[in-house]
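Novice: Before we start, here is the structure in question, set down as structure tokens.
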Amino acid sequence: MKLTGRITWSALNKMEQAVDKLHREEMTGAKSDQTKTTHFGFQEVPESEKSKRVDDVFSSVAHQYDVMNDLMSGGLHRLWKRFAVQLSGVKTGSRVLDIAGGTGDLSKLFLEKIGPDGELWLTDINLEMLSVGRDRMMDAGKLPPVCQCDAESLPYPDDYFDCVTVAFGLRNMTHKTRALKEMHRVTRRGGRVIVLEFSKVWKPLEKFYDMYSFKLIPLLGKLVAKDEDSYRYLSESIRMHPGQEELADMFRESGFERVDYFNLAAGVVAAHRGLKV
Ligand SMILES: C[S@@+](CC[C@H](N)C(=O)[O-])C[C@H]1O[C@@H](n2cnc3c(N)ncnc32)[C@H](O)[C@@H]1O
């Protein structure tokens, strides 16, 4: 399914129905492996293609990523990330895994929190994003271990980390429940997983938010990052991501308990938290 030209409200409703169907299929495993499709923004693509497409997006935007984040959120993403660190409950000496850590914002905040006795891994599937992240870390005089890996198949032992986090990465993953189960596996009993992600905005703000997402964001992408398509994907992927309650259900299905979430900026973003018992 591909949208071109103007986006209408009825088209957006159809998208919502399609994404509900895809999420149901992901949760129930309803389709056979050969026929499985997923969404890449508003397009329906074979599952086998999604991670390559996502990889292309982040390779393309890696060097403008940080400046675009500040522009698009008016700097708010920094506060959201600080909030995620507060929720995590990590302290001096904790072990933290930052999945889809990209250019390393969250990792930097965690390093300040855990101090020299802690252990933090900055990881991402995309080499360009990770390289920018590693360089930024080095410029800040920090040298955590950096690992290129897929969240759906983590190269870490069971029950190892006190906290596992993902900021704005989950919606790009092909099998979100698979990734959540991996996060559960590598978290120790009593440890937490925090997912910071775009979510469903407060209903009265929806039209305004859609205008911002589908007009302003691609325009900024075009002017600043010289890449309108990648930023259109960003807006579309946000729209296709499960809402607050649905994601909380996916946490529970992946084994987490005492799952809760906090809406930030009227639900533009939500921070989900789950405990491994
Ligand atoms: C929007 S960026 C977020 C970067 C950073 N966490 C932040 O908040 O600024 C999304 C990141 O998710 C990564 N990503 C996408 N799919 C992934 C996967 N399956 N496993 C690990 N990382 C993934 C991308 O490469 C990209 O760096």
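Novice: For the list (1) under 20 Å from the mean Cα position of the chain (by Cα); (2) at pLDDT 55 or above; (3) not acidic (Asp, Glu), I need the number of the one condition that residue 19 fails.
Specialist: Single failed check for residue 19: (2).
Novice: In addition: Can you tell me which of 98, 158 is touching an Asp or Glu at 6+ places or on another chain (Cβ under 9 Å), closer than 30 Å to residue 48 by Cβ and not small (Gly, Ala, Ser)?
Specialist: Being touching an Asp or Glu at 6+ places or on another chain (Cβ under 9 Å), closer than 30 Å to residue 48 by Cβ and not small (Gly, Ala, Ser) holds for just one of 98, 158, which is 98.
Novice: Which of the numbered conditions does residue 131 fail, given that it passes all the others? Conditions: (1) of a type outside the set (D, E, K, R); (2) closer than 19 Å to residue 151 by Cβ; (3) buried (at least 17 other Cβ atoms within 10 Å of the Cβ).
Specialist: Just one mismatch for residue 131, condition (3).
Novice: Restrict the check to the stretch 30-42 and report whether at least one residue is modelled with pLDDT of 95 or more, of a type in the set (A, V, I, L, M) and part of a loop (DSSP other than H, G, I, E, B).
Specialist: No, there is no match, as no residue in the stretch 30-42 is modelled with pLDDT of 95 or more, of a type in the set (A, V, I, L, M) and part of a loop (DSSP other than H, G, I, E, B).
Novice: Name the helices (runs of 4 or more DSSP H) wholly within the stretch 159-277 that hold at least 1 residues that are touching a residue at least 24 places away in the same chain (Cβ under 8 Å) and more than 21 Å from residue 71 (Cα to Cα)?
Specialist: Helices (runs of 4 or more DSSP H) meeting the threshold: 176-186, 228-240, 244-253.
Novice: Related question: Take the stretch 169-208 and flag every residue that is surrounded by fewer than 21 Cβ atoms within 10 Å (Cβ to Cβ), over 28 Å from residue 52 (Cα atoms) and of a type outside the set (A, V, I, L, M).
Specialist: Of everything in the stretch 169-208, those that are surrounded by fewer than 21 Cβ atoms within 10 Å (Cβ to Cβ), over 28 Å from residue 52 (Cα atoms) and of a type outside the set (A, V, I, L, M) turn out to be 188, 189, 190, 202, 203, 204, 206, 207, 208.
Listed here are the residues, each with its yes/no results for (1) within 16 Å of the ligand (Cβ to nearest atom); (2) within 25 Å of residue 262 (Cβ to Cβ); (3) under 15 Å from the mean Cα position of the chain (by Cα).
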residue	(1), (2), (3)
124	yes, yes, yes
129	yes, no, yes
136	yes, no, no
149	yes, no, yes
174	yes, no, yes
188	no, yes, no
199	yes, yes, yes
210	no, yes, no
227	yes, no, no
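Novice: Identify, please: which residue in the stretch 86-108 is away from the ligand (no atom under 12 Å from the Cβ) and of a type outside the set (Ser, Thr, Tyr) and is, among those, farthest from residue 40 (Cα to Cα)?
Specialist: 93
Novice: Sort out which residues of the stretch 158-183 are out of contact with any strand residue (DSSP E or B) (no Cβ under 6 Å at 6 or more places or on another chain) and closer than 13 Å to residue 96 by Cα, and write them in order of number.
Specialist: Result: 160, single match.
Novice: Would you please list the contacts, defined by Cβ atoms under 7 Å and residues six or more apart or on different chains, that run from a residue in the stretch 46-68 that is more than 15 Å from residue 127 (Cα to Cα) to a residue that is within 8 Å of the ligand (Cβ to nearest atom)?
Specialist: 47/174; 50/174; 66/103
Novice: Right, something else. Here are some conditions: (1) in a helix (DSSP H, G or I); (2) more than 12 Å from the ligand (Cβ to nearest atom); (3) closer than 20 Å to residue 196 by Cα. Residue 63 meets all but one. Which one does it not meet?
Specialist: Residue 63 satisfies every listed condition except (3).
Novice: Of 131, 153, which residue is within 21 Å of residue 54 (Cβ to Cβ) and part of a loop (DSSP other than H, G, I, E, B)?
Specialist: Numbers: 131 fails: part of a loop (DSSP other than H, G, I, E, B).
Matching residue, one of 131, 153: 153.
Novice: Would you confirm, using the coordinates I've provided, whether residue 240 is farther than 16 Å from residue 77 by Cα, buried (at least 22 other Cβ atoms within 10 Å of the Cβ) and within 16 Å of the ligand (Cβ to nearest atom)?
Specialist: The answer is no for residue 240.
The values are calculated or read from the model by the stated rules, or taken from the named source; none is laboratory data. Because the structure is a prediction, the values reported are computed rather than measured. Cβ atoms come from the backbone with ideal geometry, glycine included; neighbour counts cover every protein chain shown.
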